[in-house]
Amino acid sequence: MIKEAIVERIVNKLNENQKEKIGVELPSGKRIPEFPVSHLIRFKTWKSLDYVLKDPEMGFGEGYMNGDIEVEGDLEEVIKRGMTLFKDTRKFEKLFGILRHVPLFRTIRDERNVKHHYDLGNDFYRLWLDKSMTYSCAFFEDPSMSIDEAQSLKRRIIYEKLQLKEGDTLLDIGCGWGSIILESAELYNVKSVGITLSDNQYEYVKEEIKKRGLQDKVEVYKLHYVDLPKLGRKFNKVVSVGMFEHVGKENYETFFNTVYKVMEEGGLFLLHTIGKLHPDTQSRWIRKYIFPGGYLPSISEIVESFRDMDFTLIDFDNWRMHYYWTLKKWKERFYENLDKIRNMFDDRFIRMWELYLTASAVSFLIGSNYVFQILLSKGVKDDYPVIKREFSGVLFKEGT
């Protein structure tokens, strides 16, 4: 059969120079190769196999979440081999463009898309995020750190880069569940403001402000970033973590222009975003099932967006491997709470999120995706201290 020959060629390529072999079981029960393998991809229907051969990304993504494709062994290893193969050979489309999004338009569509993902319920996110409910890349001094420790360290690094001090006014664009605006007010006695489009996040932060007695220091608004000037406020410190991916490249200039308008002269802006080295294609599977809309920016697209504004670059940082470890920790906690999640969602949802978390981790591991922290000042700031990084040998050892 032609299909079997194609599958055999792909399997041979997947296993080239690999000790652990991957095999495929066809709907007929035939296995390629026939000898025992470490990881087995089982196709339960011919339709699911045809779909993968025609469109690897959508075919595997939908087949897996629908239960038409099963994986025995390590799902991460299977996805890593597949993504690496299609990344290197450019055959078909790239197997998983996981976390590559398509352009997102503004206002009503932004709010609808945010709700699709972030309003799944605070109880759901509470099961596998850290105690602060931080849904973005953490920072690991060591892979053995807990997710709570790593998220706390991430925030501390952000505060240090922003040179936070008492009397500052801090704006968090896309504040999530409020960890930065709440903690910064408590630690540094700053006045902080956060904005979000998520109902669940907005209500959660409002309740936390009351619980912690921070009504005179912290404010949260359900507000689109384009409407920030309507607040009539200026901030000397601005941060945006994990929100820029939802802006859409056609709106980048508007985003930076809005930030510029609400900043004080000499103020600092830290942008933390997933991104690409170069402009790249966007994932249809992610767009359809996980993050409707959105776009992962390349370095050039980010910098080009504010070329006509008086922003000055202070620092540029890459946290790629830290997001790999963050996603690994999240997936561990996801599995630990599987019974509770099953009481909230069906098996299809669980398989979809298992694939999302696993393939996302792989995208950082193989260097498809990056995490950038870009520190800018409004105007030239000559008195910013040099950022000295510490290098203490290999942080992430192979196999850890």
Kindly state which helices (runs of 4 or more DSSP H) lie completely within segment 175-290 and contain at least 3 residues that are under 24 Å from Asp315 (Cβ atoms). 179-188, 252-262
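Residues checked against (1) charged (D, E, K, R); (2) outside the structural domain of Asp280 (by the TED database); (3) open to solvent by 60 Å² or more (accessible area, probe 1.4 Å):
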{"site": "Thr326", "(1), (2), (3)": "no, no, no"}
{"site": "Lys331", "(1), (2), (3)": "yes, no, no"}
{"site": "Asp346", "(1), (2), (3)": "yes, no, yes"}
{"site": "Ile366", "(1), (2), (3)": "no, no, no"}
Counted residues, segment 134-182 - those being on the phi > 0 side of the Ramachandran plot and surrounded by fewer than 19 Cβ atoms within 10 Å (Cβ to Cβ): 2
Name the residues in segment 60-73 that are within 19 Å of Ser368 (Cβ to Cβ) and either aliphatic (A, V, I, L, M) or free of Cβ contacts under 8 Å to residues at least 40 places away in the same chain (or both), would you? Phe60
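Select from segment 143-163 the residues that are in a loop (DSSP other than H, G, I, E, B) and under 20 Å from Leu228 (Cβ atoms) and list them in ascending order.
Result: Leu162, single match.
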Tell me which of these Thr400 doesn't satisfy, since it passes every other one: (1) in contact with a Pro (Cβ under 6 Å, 6 or more places away or on another chain); (2) modelled with pLDDT of 90 or more. (2)
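Anything in segment 183-195 that is open to solvent by less than 20 Å² (accessible area, probe 1.4 Å), within 16 Å of Glu207 (Cα to Cα) and in contact (Cβ under 8 Å) with a residue 40 or more places away in the chain? List them, or say none.
The one that is open to solvent by less than 20 Å² (accessible area, probe 1.4 Å), within 16 Å of Glu207 (Cα to Cα) and in contact (Cβ under 8 Å) with a residue 40 or more places away in the chain: Val193.
To keep it simple, each residue is scored yes or no on (1) open to solvent by less than 70 Å² (accessible area, probe 1.4 Å); (2) charged (D, E, K, R).
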{"position": "Val303", "(1), (2)": "no, no"}
{"position": "Arg307", "(1), (2)": "no, yes"}
{"position": "Asn318", "(1), (2)": "no, no"}
{"position": "Met321", "(1), (2)": "yes, no"}
{"position": "Glu336", "(1), (2)": "no, yes"}
{"position": "Arg342", "(1), (2)": "no, yes"}
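The values are calculated or read from the model by the stated rules, or taken from the named source; none is laboratory data. The structure displayed is predicted, hence computed values, not measured ones. Glycine also receives a Cβ, built like all others from the backbone with ideal geometry; neighbour counts cover every protein chain displayed. Each accessible area value is taken on the protein alone, full model and side chains, heavy atoms only, with ligands, DNA and RNA left out. Shrake-Rupley method; radii C 1.70, N 1.55, O 1.52, S 1.80 Å.
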